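Visitor: I am attaching a structure below and will ask some questions about it afterwards.
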Amino acid sequence: MNSFRKLCGIDEAGRGPIAGDLVVAGCILKSHIEGLHDSKKLSEKKRESLYETITKNSLYHIVVFSAKDIDDHGISACIKNALLEIIDTLKCSEYLFDGNSAFGVGGLQTMVKADGKVPEVSAASILAKVTHDRNIIKDAKKYPQYEFEKHKGYGTSRHVELIKKYGYCDIHRRSYRLKALEKTLFDL
């Protein structure tokens with residue numbers, strides 16, 4: 001990290017799944033951390049190891065929204081609120097969010113694929129992904145019939161099959177529509 005600028009990297013995990021939390025993390029690195037990269041390109045073991053290193057060598061803030069929050073307010077509003085909370089919590093000279101939308105938040109820069117290019121965003125990506133996955137693994141123990149530990153809440157064919165069999169549970173996003181479920185949606 002360049003000592004002349006203080007950058008807060010921000011990324012999210014859990015925007016696409018049909019179940020589970022949305023997690024947005026902001027991270028300011030205090031020192032260089034070897035091995036940072038886009039969380040999706042790292043093994044689970046490597047992400048877990050880096051998570052511990054990041055939390056010990058950074059200032060960070062993690063915001064979590066439940067499926068109910070997403071259904072009640074919408075994914076964009078949740079992301080915007082998380083961005084505002086991170087900016088309010090982590091004081092910095094620059095904020096960089098992975099992607100191409102600032103969700104109407106002023107003073108926020110965006111960059112597509114920043115999670116693979118900028119260490120602070122890579123660190124935020126890892127914090128968000130590990131938090132998301134840990135939460136859904138806890139949910140898998142509460143709702144074992146949905147096999148959340150395998151698909152992490154994404155709309156895989158197996159997950160859809162299980163929703164058809166068991167209906168929705170409390171961590172499913174009912175506002176998300178899947179063509180595969182539309183015929184049975186009102187029966188769930």
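The values are calculated or read from the model by the stated rules, or taken from the named source; none is laboratory data. Just so it is clear, the structure is predicted and the values come from calculations on it, not from any experiment. Here the Cβ positions follow ideal geometry from the backbone for every residue, glycine too, while neighbour counts run over all protein chains shown. Each accessible area value is taken on the protein alone, full model and side chains, heavy atoms only, with ligands, DNA and RNA left out. Shrake-Rupley method; radii C 1.70, N 1.55, O 1.52, S 1.80 Å.
Visitor: Of the residues Lys41, Lys68, Lys80, which single one is open to solvent by 30 Å² or more (accessible area, probe 1.4 Å), modelled with pLDDT under 95 and under 16 Å from the mean Cα position of the chain (by Cα)?
Guide: Exactly one residue qualifies, and that residue is Lys41.
Visitor: Name the helices (runs of 4 or more DSSP H) wholly within region 38-147 that hold at least 3 residues that are of a type in the set (Ser, Thr, Tyr)?
Guide: Details: elements: 44-56, 67-73, 75-89, 119-142.
In region 38-147, 44-56, 119-142 are the helices (runs of 4 or more DSSP H) which contain 3 or more residues that are of a type in the set (Ser, Thr, Tyr).
Visitor: Then there's this: Can you tell me which residue is surrounded by the most Cβ atoms within 10 Å (Cβ to Cβ) among those in region 131-170 that are of a type in the set (D, E, K, R) and in contact with a His (Cβ under 8 Å, 6 or more places away or on another chain)?
Guide: The residue in question is Lys152.
Visitor: Taking the criterion of being hydroxyl-bearing (Ser, Thr, Tyr) and either open to solvent by less than 40 Å² (accessible area, probe 1.4 Å) or farther than 20 Å from Lys6 by Cα (or both), would at least one residue in region 107-117 satisfy it?
Guide: Applying the first criterion (hydroxyl-bearing (Ser, Thr, Tyr)) to region 107-117 yields 110.
Retained after the next criterion (residues that are either open to solvent by less than 40 Å² (accessible area, probe 1.4 Å) or farther than 20 Å from Lys6 by Cα (or both)): none.
No: region 107-117 contains no residue that is hydroxyl-bearing (Ser, Thr, Tyr) and either open to solvent by less than 40 Å² (accessible area, probe 1.4 Å) or farther than 20 Å from Lys6 by Cα (or both).
Visitor: Checking Asp187 against (1) open to solvent by less than 30 Å² (accessible area, probe 1.4 Å); (2) at pLDDT below 95, which single condition isn't satisfied?
Guide: (1)
Visitor: Test Asn57 against the stated conditions and say whether it is surrounded by fewer than 23 Cβ atoms within 10 Å (Cβ to Cβ), in contact with a Leu (Cβ under 8 Å, 6 or more places away or on another chain) and farther than 27 Å from Val160 by Cβ.
Guide: It is true that Asn57 is surrounded by fewer than 23 Cβ atoms within 10 Å (Cβ to Cβ), in contact with a Leu (Cβ under 8 Å, 6 or more places away or on another chain) and farther than 27 Å from Val160 by Cβ.
Visitor: Out of Ser93, Ser66, Ser101, Ser31, I need the residue that is closer than 21 Å to Tyr176 by Cβ, touching a residue at least 24 places away in the same chain (Cβ under 8 Å) and of a type in the set (S, T, N, Q). Which one?
Guide: Residue meeting the stated conditions: Ser66.
Visitor: Contact list please: Cβ distance under 7 Å, first residue in region 110-131 and on the phi > 0 side of the Ramachandran plot, second residue modelled with pLDDT under 95, pairs at least six apart or on different chains.
Guide: none
Visitor: Determine which member of the set Ile33, Ile18 is surrounded by 14 or more Cβ atoms within 10 Å (Cβ to Cβ) and within 30 Å of Tyr143 (Cα to Cα).
Guide: Values: Ile33 fails: within 30 Å of Tyr143 (Cα to Cα).
Only one candidate qualifies: Ile18.
Here's the yes/no breakdown for (1) in contact with a helix residue (DSSP H, G or I) (Cβ under 7 Å, 6 or more places away or on another chain); (2) farther than 16 Å from His132 by Cβ; (3) of a type in the set (A, V, I, L, M):
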site	(1), (2), (3)
Asp21	yes, no, no
Val24	yes, no, yes
Leu36	yes, yes, yes
Asp69	yes, no, no
Leu84	no, yes, yes
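Visitor: Quick check: anything in region 94-101 farther than 20 Å from Lys129 by Cβ, modelled with pLDDT of 95 or more and surrounded by fewer than 18 Cβ atoms within 10 Å (Cβ to Cβ)?
Guide: yes
Visitor: Could you check how many residues of region 118-130 are closer than 27 Å to His159 by Cβ and surrounded by fewer than 21 Cβ atoms within 10 Å (Cβ to Cβ)?
Guide: Qualifying residue count for the region: 0.
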